[in-house]
Amino acid sequence: MKKFFSFERMITPIIIKIFFWIGLILSILTGIGVFIMGIIMGFNDGSSGAILLGLLGGILGGALSFLLLGLVTRIYAELLILAFRINGTLTDIKQILEEK
């Protein structure tokens, strides 16, 4: 508890990891939503060409949105955690220098 109240131990990296997983789940749901909307748009026209293009567009759009949103979420989380890793490394260096 002492480390918690003196801010020696950071809890934000744990929260960032939780937000990363939430963001990854949201990117999966968005990819599925884009896929379903592509199929619905294809079936609304009714022709076989539109259905095929809707299916193809849904698959490509869903996969692309999942990959891009997942990548952006990962990069953002890594940048946030990087600041805390730098802080931890600097704290270790400070402790080593104080011991000498």
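The values are calculated or read from the model by the stated rules, or taken from the named source; none is laboratory data. This one's a predicted model, so the numbers in the text were calculated from it and none came from an experiment. Heads up, the Cβs are rebuilt from the backbone with ideal geometry, glycines too, and the neighbour counts pull from every protein chain shown.
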**OP:** Answer yes if at least one residue in region 32-42 is surrounded by 14 or more Cβ atoms within 10 Å (Cβ to Cβ) and either in contact with a Phe, Trp or Tyr (Cβ under 7 Å, 6 or more places away or on another chain) or among the aromatic types (Phe, Trp, Tyr) (or both), and no otherwise.
**Re:** yes
**OP:** Tell me which residues, restricted to region 1-21, are surrounded by 10 or more Cβ atoms within 10 Å (Cβ to Cβ) and farther than 19 Å from residue 85 by Cα.
**Re:** 21
Subject >> Single match in 32, 51, 59, 86 (criterion: touching an Asp or Glu at 6+ places or on another chain (Cβ under 9 Å) and not aromatic (Phe, Trp, Tyr)) >> reply: 51
Original post:
Going by the conditions given, is residue 56 part of a helix (DSSP H, G or I), more than 26 Å from residue 75 (Cβ to Cβ) and among the aliphatic types (A, V, I, L, M)?
Top reply: yes
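Filter region 15-51 down to the residues that are of a type in the set (Ser, Thr, Tyr) and modelled with pLDDT of 85 or more, then identify the one that is nearest to the chain's Cα centre (by Cα). Please lay out each step first, then the result.
Filtering region 15-51 down to residues of a type in the set (Ser, Thr, Tyr) leaves 27, 30, 47-48.
Next, only the ones that are modelled with pLDDT of 85 or more stay: 27, 30.
Values: 27: 7, 30: 12 Å.
Among residues in region 15-51 that are of a type in the set (Ser, Thr, Tyr) and modelled with pLDDT of 85 or more, the one nearest to the chain's Cα centre (by Cα) is 27.
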